[in-house]
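Structure first, commentary second.
The values are calculated or read from the model by the stated rules, or taken from the named source; none is laboratory data. Everything quoted here is computed from the prediction, not taken from an experiment. Cβ placement follows ideal geometry from the backbone for every residue including glycine, while neighbour counts extend to all protein chains displayed. Side chains are part of the model used for accessible areas, which takes the heavy atoms of the whole protein and leaves out ligands, DNA and RNA. Shrake-Rupley method; radii C 1.70, N 1.55, O 1.52, S 1.80 Å.
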Amino acid sequence: MAEYMESLQHLAEQFGKLEGVGRKTAMRLAYSVVDMSVEDATAFADAIRVAKERIHLCPVCQNLTDRELCPVCRDDSRDRSTVCVVADAKAVLAMEKVREYRGVYHVLHGLISPMNGVTPDNIKIRELLTRVGEGEVEELIVATNPTIEGEATAMYISRLMKPLGVKVTRLAYGIPVGADLEYADEVTLCRALEGRRSVED
């Protein structure tokens, strides 16, 4: 019995490493797995393995994809002169729900946060500069969350782009300060997108 409980505890610890999963939820998930049939548990484990093996970063926008390019970058109808800069892949899904935005994206995979040791070199800003340097980009919409880290990242990008003549805008504050973009509803995101403003030093 002790060995079984040790295995259960280890499984719960692995679930606990997931973002937003607390100790009680992790234990509930562990029990759910134990209650599965062997076939279902094997399929669950295989799904994790396959996702980890196949999903990679899109070489253009740094979004997650299991093909050569992500769906947005494969879409020839998208406006490549406008790039929406987001912190993570979840924000792309949130923006796509609006169905109003027809530009493309750039995923930073983080925000500048000196207190947490995250510098511009730790996120995908170099790749953003490369894209802008190709000359097709006219506007960057910085759609990071309205937090200290999000604002710092927006200001940093704005300063980088000023010599390059690229317009940098910020989503309007229809999104509450401190809120996560991924949880905003479609109407709020649509209004924020329409009311975006220039980023000033």
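For the chain, the 222 nm mean residue ellipticity estimated from helices alone, with every DSSP H stretch of n ≥ 4 adding -39500 (n - 2.57) and the total spread over all residues, rounds to -14000 deg cm²/dmol.
So if each residue of separation counts as 0.36 nm, and I subtract the Cα-Cα distance between VAL38 and ALA172, what length gain in nm does that give?
The span from VAL38 to ALA172 would gain 43.2 nm if fully extended.
For segment 1-76, what is the relative contact order in percent, using Cα pairs closer than 8 Å and at least 6 residues apart in sequence? Once divided by the residue count of segment 1-76, the mean separation gives 15 percent.
With all protein chains in place and a 1.4 Å probe, the accessible surface of segment 74-201 carries 50 percent carbon and sulfur. Protection proxy ranking, highest mean first, for peptides 74-87, 96-109, 23-36: 96-109, 74-87, 23-36, where packing is the per-residue count of other beta-carbon atoms within 10 Å, averaged.
Distance between the 7 Å Cα→Cβ label points at LYS97 and ASP76: 3.2 nm. Sorting 146-154, 121-129 by average packing, meaning the other beta carbons within 10 Å per residue, from highest down gives 146-154, 121-129. Among the DSSP beta bridges whose two residues both lie in segment 1-127, what percent are antiparallel, rounded to the nearest 5? Counting only bridges with both partners in segment 1-127, antiparallel ones make up about 40 percent. Summarising the strand pairing of segment 78-201, around 20 percent of its internal DSSP beta bridges are antiparallel.
In the chain, the longest principal axis of the Cα atoms and the axis of helix 89-98 are about 60 degrees apart. In this structure, the residue pairs whose Cα-Cα separation is over 27 Å, taken from LYS17/LYS52; LYS24/LYS124; LYS24/LYS97; LYS24/LYS90; LYS17/LYS90, are LYS24/LYS124; LYS24/LYS97.
If packing is taken as the average number of other Cβ atoms within 10 Å across a peptide's residues, how do 157-164, 136-143 rank, most packed first?
136-143, 157-164
Relative contact order for the chain: 15 percent, from Cα pairs under 8 Å spaced at least 6 residues apart, divided by residue count.
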